[in-house]
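Chemist: The following block contains the structure, expressed as structure tokens.
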Amino acid sequence: MNPGASAADLARDDRVSSALYTDPALFEREMSRIFERTWVWVAHESELPKAGDFRTAYVGRQPVIVTRDRRGGINVLVNRCRHRGASLCEVPKGNGNGFTCPYHAWSYALDGKLRGVPYPDGYEDVLEKKDFGLQRLKVGVYAGMVFASFNEDIEPLEDFLGGARLWIDRFMKQGAGYPIKVQGEHRFRFRGNWKIQLENTTDGYHFPIVHRSWMASVDAETANMLSFMTDEKAVTHSLGNGHSVMVMVPEHVDLDEDDGTEQLQARFSHIIEELSREFDPAEVRRIVRSLHGSGFNLNLFPNVAMSMSFFRVLRPLSVNETEIRHMALGLDGGPEIVNRQRLRIHEHFQGPFGFGSPDDSEAWDRVQRGVAGGPDLPILVNRGMERERKADNGDRVSHATDETGMREAYAMWKRMMTDAH
């Protein structure tokens, strides 16, 4: 396929051009047409529990500050002083009364309003403070997930999420009655295009191959739970607007549903024993069943995955480099022994010394290296095309090892890259 071709030619139903991973000009168009025009995930509300809390993030390649102001509102502000362009905040998170530029000390409130200008003489009749607040993005929040957009005319967040909302609601049930909170994160970069990772979250085909070392490291009960390759109930749904979900543990899709037949894992016997001193048996069972998180991976286009028991956030750096944040989740106000165990589970797979992240990132690196060869050869996303079916709600559904999620993501990519408005 010709890299100079239209978006429709570059992303077909069953294949995409290698140029999507390698063309710098195409990457620049993605930043303006996708990341600066759609809803992009920037934070979880648990990271901003108190007035004055903030964290830094990116929308595409533009730096932003996510704040909770004194009225409890959430703001997303471009991290750039309106005077001479210096960045205002260089720390990942904190709490404060506002932001002061280190260059000339222009100061801004938590909602972005310009509060003060040192030595104001010289600005008479040339500066109105109300006109020079920080650039604000449009903000949407759903189930504690904070999204932002540069596009003032964008559709409501709930409409954009569409069919993914049901799955977000289900994902949050792993709190077992407690709100979900972010416990910490592991950040790293891989040498590959952002869409390689976007594809990965609902790619069940790679799991037993890339993660066979992890499968060999866990107990038999955990390995059996994630042996979904031939399970007919392990399916992928195309949810519209680029979103998709891959079900790996069907009995854990809705953690509120429990027929009582599932045995709790023996490895958690010490947790069961401690919880039983405080909670009734039904509550103990509910909490322990949720230790591995939900039974699915949910991919929200373009930059966040809600993957079983963690958030995975991608940030495009260049056409061939991407930053990943793996955010461990816990129960806000829940038993400490449970949150410690969830951290240990997270570390075992997603941590810097875990079995999952290094294997995934090596595979992503190798894709980027490989597409340097045979640039005219396409990337195939045709697995399961002939066995896709349409569900009653309109979702396209196929097996968890099929590439339904990738086809959904590239359909949205093509739509946004074609729309110049």
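Chemist: Which pairs have Cβ atoms under 7 Å, sit 6 or more apart or on different chains, and link a residue in the range 10-26 that is open to solvent by 60 Å² or more (accessible area, probe 1.4 Å) to one that is basic (Lys, Arg)?
Modeler: Between residues of the range 10-26 that are open to solvent by 60 Å² or more (accessible area, probe 1.4 Å) and residues that are basic (Lys, Arg), the close pairs are Asp13/Arg407.
Chemist: Regarding Leu343, is this residue surrounded by fewer than 18 Cβ atoms within 10 Å (Cβ to Cβ), within 20 Å of the chain's Cα centre (by Cα) and not acidic (Asp, Glu)?
Modeler: So Leu343 passes the test.
Chemist: Let me ask something else about it. Name the single residue, out of those in the range 136-158 being more than 27 Å from Glu257 (Cα to Cα) and among the charged types (D, E, K, R), that is surrounded by the most Cβ atoms within 10 Å (Cβ to Cβ).
Modeler: That would be Arg136.
Chemist: Taking the options Ser238, Ser244, Ser307, name whichever one is assigned by the TED database to the domain that holds Arg344, closer than 18 Å to Leu343 by Cα and either in contact (Cβ under 8 Å) with a residue 40 or more places away in the chain or open to solvent by 10 Å² or more (accessible area, probe 1.4 Å) (or both).
Modeler: Testing whether each residue is assigned by the TED database to the domain that holds Arg344, closer than 18 Å to Leu343 by Cα and either in contact (Cβ under 8 Å) with a residue 40 or more places away in the chain or open to solvent by 10 Å² or more (accessible area, probe 1.4 Å) (or both) leaves just Ser307.
Chemist: Yes or no: Asp392 open to solvent by 20 Å² or more (accessible area, probe 1.4 Å) and within 20 Å of the chain's Cα centre (by Cα)?
Modeler: no
Chemist: Also: Being in contact (Cβ under 8 Å) with a residue 60 or more places away in the chain, of a type outside the set (A, V, I, L, M, F, W, C), closer than 25 Å to His237 by Cβ and surrounded by 19 or more Cβ atoms within 10 Å (Cβ to Cβ) is the requirement here; does His252 meet it?
Modeler: Here the answer is no, as His252 does not meet what is asked.
Chemist: Could you tell me how many of the residues in the range 180-196 are under 25 Å from Leu343 (Cβ atoms) and surrounded by fewer than 23 Cβ atoms within 10 Å (Cβ to Cβ)?
Modeler: 9
Chemist: So, one more: Hey, among Gly116, Gly112, Gly122, Gly133, which residue is assigned by the TED database to the domain that holds His83 and surrounded by 17 or more Cβ atoms within 10 Å (Cβ to Cβ)?
Modeler: None of the others qualify; the one that does is Gly112.
Chemist: Could I ask something else about it? Considering only residues that are open to solvent by 30 Å² or more (accessible area, probe 1.4 Å) and either free of Cβ contacts under 8 Å to residues at least 40 places away in the same chain or within 27 Å of Glu28 (Cα to Cα) (or both), which ones fall in the range 57-70?
Modeler: Of everything in the range 57-70, those that are open to solvent by 30 Å² or more (accessible area, probe 1.4 Å) and either free of Cβ contacts under 8 Å to residues at least 40 places away in the same chain or within 27 Å of Glu28 (Cα to Cα) (or both) turn out to be Tyr58, Arg61, Gln62, Pro63.
Chemist: Now for a separate question. Going through the range 311-340 one residue at a time, which ones are open to solvent by 20 Å² or more (accessible area, probe 1.4 Å) and hydroxyl-bearing (Ser, Thr, Tyr)?
Modeler: The one that is open to solvent by 20 Å² or more (accessible area, probe 1.4 Å) and hydroxyl-bearing (Ser, Thr, Tyr): Ser318.
Chemist: Return the total of residues in the range 363-421 being of a type in the set (A, V, I, L, M) and closer than 30 Å to Asp153 by Cβ.
Modeler: The qualifying residues number 7.
Chemist: Please verify whether Thr261 is of a type in the set (S, T, N, Q) and part of a loop (DSSP other than H, G, I, E, B), treating the condition exactly as stated.
Modeler: Taking the combined requirement at face value, the residue satisfies it.
The values are calculated or read from the model by the stated rules, or taken from the named source; none is laboratory data. Just so you know, these numbers come straight off a predicted model, no measurement behind them. Glycine also receives a Cβ, built like all others from the backbone with ideal geometry; neighbour counts cover every protein chain displayed. Areas reflect the complete protein model, heavy atoms only, side chains present, ligands, DNA and RNA absent. Shrake-Rupley method; radii C 1.70, N 1.55, O 1.52, S 1.80 Å.
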